[in-house]
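The values are calculated or read from the model by the stated rules, or taken from the named source; none is laboratory data. Here the structure is a predicted model, which means the values were calculated and not measured. In this analysis, Cβ positions are derived from the backbone assuming ideal geometry, glycine residues included, and neighbour counts consider all displayed protein chains. In case anyone asks, the SASA skips ligands and DNA or RNA and just uses the protein heavy atoms, side chains included. Shrake-Rupley method; radii C 1.70, N 1.55, O 1.52, S 1.80 Å.
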Amino acid sequence: RQRNPKTGPCQAQPAIIKGRVIMVAPLTKMMLASLLSGAAAFSAIPPSQMKARVSISALSATAEDAIGYFDLTQKATVDAIAAAIPDLEVKPDLSWSSATVAGQAASLDGRDAPGPANIAWLSSLCVSSKLSALTIFNGPLNDVPHLLSRCFVRDDGNLQFDLDFRPRAYGAYEMRDAEGNYPGPETLGRDAFTYSGNRKDFDSKFGTEEVAAFLQSTVASLEGASPNPVPPSELDLLTSGPLKVSVVMPLTDGNVQTVAAARQQAANYWLSWATDGGHEHRPGAPVNSQYVYDTKFRQNCYGGLLPVYSELFGGGDGATITAADSGPLDEAYVGGGS
């Protein structure tokens, strides 16, 4: 099948924030609160050290403590991002300080930073005992990947972890075969060269060997992890990047710690790219083209997320939380104003 990049879906440096690595051994609420209170920054964890620095425990964590841990570390991550991007502002009318989703306490910290800071939407979402998700959509001024970082407790009691750096230009990733090959010009015509160029651009700037090694090391460090058995929807395939992680694992202390550390490191990569300044588009047509592409891409992300949250929370609450987590889909963002 051919995909039109204008109607279909739509791309390391050292850590730039100085601070301590937020690592916790036993998952006790008192120790978590003591460690994380006042934490304003985090540091990169080199992939080579990931497995050594995170101990794997056979003890089972509870869903409440696991999601609570993810929520605390996620809030520290958002604080670090806000410290590095001062223009990032809370959107009170799009945030929840206290709500209920499927009978569970829920909160959503929605922010944006229009203009040069170039953050179209940041959502830090938590549903107690069920879900922790950080979603960041960039504005059209650069080609930095969007970030998806999500973990939730499935109905069978296992933990699912989804992590993705979503490319900003269409690379026909959903057409990749089992051997990792893509259709050529005999199938896609001259568009095949455009899509190939977009893939190479992403790999050289963001999907580097370092980033790939970090993701591989993370998955290898997870106890009893296996690929997500639920087939992705068409829209999920269209919006996923080539390095996406989607795995299911037992809910253990060690897995919770490893996932939390990986989510922090992924955010660290994203932040280093977003504040680099070397990924900006030339003014004019490239920015406008990126905006048109991103608008459709975000609509596709909403469509891909809806069945996931509907399965987790039921049709009504699932639709509500999907809309909230996805943020405004019709924002006039080009040039700044929100």
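Go through region 148-159 residue by residue and tally those that are open to solvent by less than 10 Å² (accessible area, probe 1.4 Å) and closer than 17 Å to Ala266 by Cα.
3
Could you say which residue among Pro328, Pro231, Pro250, Pro286 is over 23 Å from Ser124 (Cα atoms), in contact with a strand residue (DSSP E or B) (Cβ under 9 Å, 6 or more places away or on another chain) and of a type outside the set (Gly, Ala, Ser)?
Going through Pro328, Pro231, Pro250, Pro286 in turn, the sole match is Pro250.
Taking the conditions exactly as written (out of contact with any Lys or Arg (no Cβ under 7 Å at 6 or more places or on another chain) and either modelled with pLDDT of 95 or more or surrounded by 21 or more Cβ atoms within 10 Å (Cβ to Cβ) (or both)), does Tyr182 satisfy them or not?
Working: out of contact with any Lys or Arg (no Cβ under 7 Å at 6 or more places or on another chain): no; either modelled with pLDDT of 95 or more or surrounded by 21 or more Cβ atoms within 10 Å (Cβ to Cβ) (or both): yes.
Spelling it out, it is not the case that Tyr182 is out of contact with any Lys or Arg (no Cβ under 7 Å at 6 or more places or on another chain) and either modelled with pLDDT of 95 or more or surrounded by 21 or more Cβ atoms within 10 Å (Cβ to Cβ) (or both).
Determine whether region 171-179 contains at least one residue that is of a type in the set (Phe, Trp, Tyr) and either part of a helix (DSSP H, G or I) or surrounded by fewer than 20 Cβ atoms within 10 Å (Cβ to Cβ) (or both). I'd like the intermediate steps shown before the answer.
Step one: list which residues in region 171-179 are of a type in the set (Phe, Trp, Tyr), which gives 173.
Still in the running and either part of a helix (DSSP H, G or I) or surrounded by fewer than 20 Cβ atoms within 10 Å (Cβ to Cβ) (or both): 173.
Yes: one or more hits.
Looking only at residues that are touching a Phe, Trp or Tyr at 6+ places or on another chain (Cβ under 8 Å) and crowded, with 23+ Cβ neighbours inside 10 Å in region 138-147, which one is farthest from Ser289 (Cα to Cα)?
Checked region 138-147; the qualifying residue farthest from Ser289 (Cα to Cα) is Leu147.
Being under 19 Å from Ala274 (Cβ atoms) and either part of a loop (DSSP other than H, G, I, E, B) or basic (Lys, Arg) (or both) is the filter here; which residues of region 127-149 pass it?
Selection gives Gly139, Pro140, Leu141, Asp143, Val144, Pro145.
With respect to Thr252, determine if the residue is of a type in the set (Val, Ile, Thr) and out of contact with any helix residue (DSSP H, G or I) (no Cβ under 7 Å at 6 or more places or on another chain).
Values: of a type in the set (Val, Ile, Thr): yes; out of contact with any helix residue (DSSP H, G or I) (no Cβ under 7 Å at 6 or more places or on another chain): yes.
When the stated conditions are applied, Thr252 passes them.
I want to confirm something. Restricting to region 66-102 and keeping residues that are more than 13 Å from Val127 (Cα to Cα) and among the charged types (D, E, K, R), which single residue is least open to solvent (accessible area, probe 1.4 Å)?
The selected residue is Lys91.
I'd like the full set of residues that are touching a helix residue (DSSP H, G or I) at 6+ places or on another chain (Cβ under 9 Å) and either open to solvent by 50 Å² or more (accessible area, probe 1.4 Å) or at pLDDT below 95 (or both), limited to region 300-315. Break it down into steps so the answer makes sense when it comes.
So in region 300-315, the residues touching a helix residue (DSSP H, G or I) at 6+ places or on another chain (Cβ under 9 Å) come out as 300-313.
Matches in region 300-315: Tyr302, Leu306, Pro307, Glu311.
So that you can scan it fast, the table gives a plain yes or no per residue for (1) more than 25 Å from Arg298 (Cβ to Cβ); (2) assigned to a helix (DSSP H, G or I):
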| residue | (1), (2) |
| --- | --- |
| Asn198 | no, yes |
| Phe202 | no, yes |
| Phe214 | yes, yes |
| Val219 | yes, yes |
| Glu223 | yes, no |
| Leu235 | no, yes |
| Ser246 | no, no |
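Here is a check on your reading of the model: is Ser57 of a type in the set (S, T, N, Q), closer than 27 Å to Pro250 by Cβ, open to solvent by less than 60 Å² (accessible area, probe 1.4 Å) and at pLDDT below 95?
Criteria met by Ser57.
Inspect all residues belonging to region 290-299 and state whether any of them is open to solvent by 30 Å² or more (accessible area, probe 1.4 Å), within 15 Å of the chain's Cα centre (by Cα) and modelled with pLDDT of 95 or more.
To start, the set of residues in region 290-299 that are open to solvent by 30 Å² or more (accessible area, probe 1.4 Å) comprises 291-292, 295-296, 299.
Filter again for within 15 Å of the chain's Cα centre (by Cα), leaving none.
Looking through region 290-299, none of the residues is open to solvent by 30 Å² or more (accessible area, probe 1.4 Å), within 15 Å of the chain's Cα centre (by Cα) and modelled with pLDDT of 95 or more.
Among the residues of region 261-289, which ones are among the hydroxyl-bearing types (Ser, Thr, Tyr) and surrounded by 20 or more Cβ atoms within 10 Å (Cβ to Cβ)? Explain how you work it out, then say what you get.
Just the residues of region 261-289 that are among the hydroxyl-bearing types (Ser, Thr, Tyr), to begin with: 269, 272, 275, 289.
Tyr269, the sole residue that qualifies.
Hey, can you tell me all the residues within region 178-234 that are among the hydrophobic types (A, V, I, L, M, F, W, C) and either under 22 Å from the mean Cα position of the chain (by Cα) or under 28 Å from Trp270 (Cβ atoms) (or both)?
Phe202, Phe206, Val211, Ala212, Ala213, Phe214, Leu215, Val219, Ala220, Leu222, Ala225, Val230, listed by residue number.
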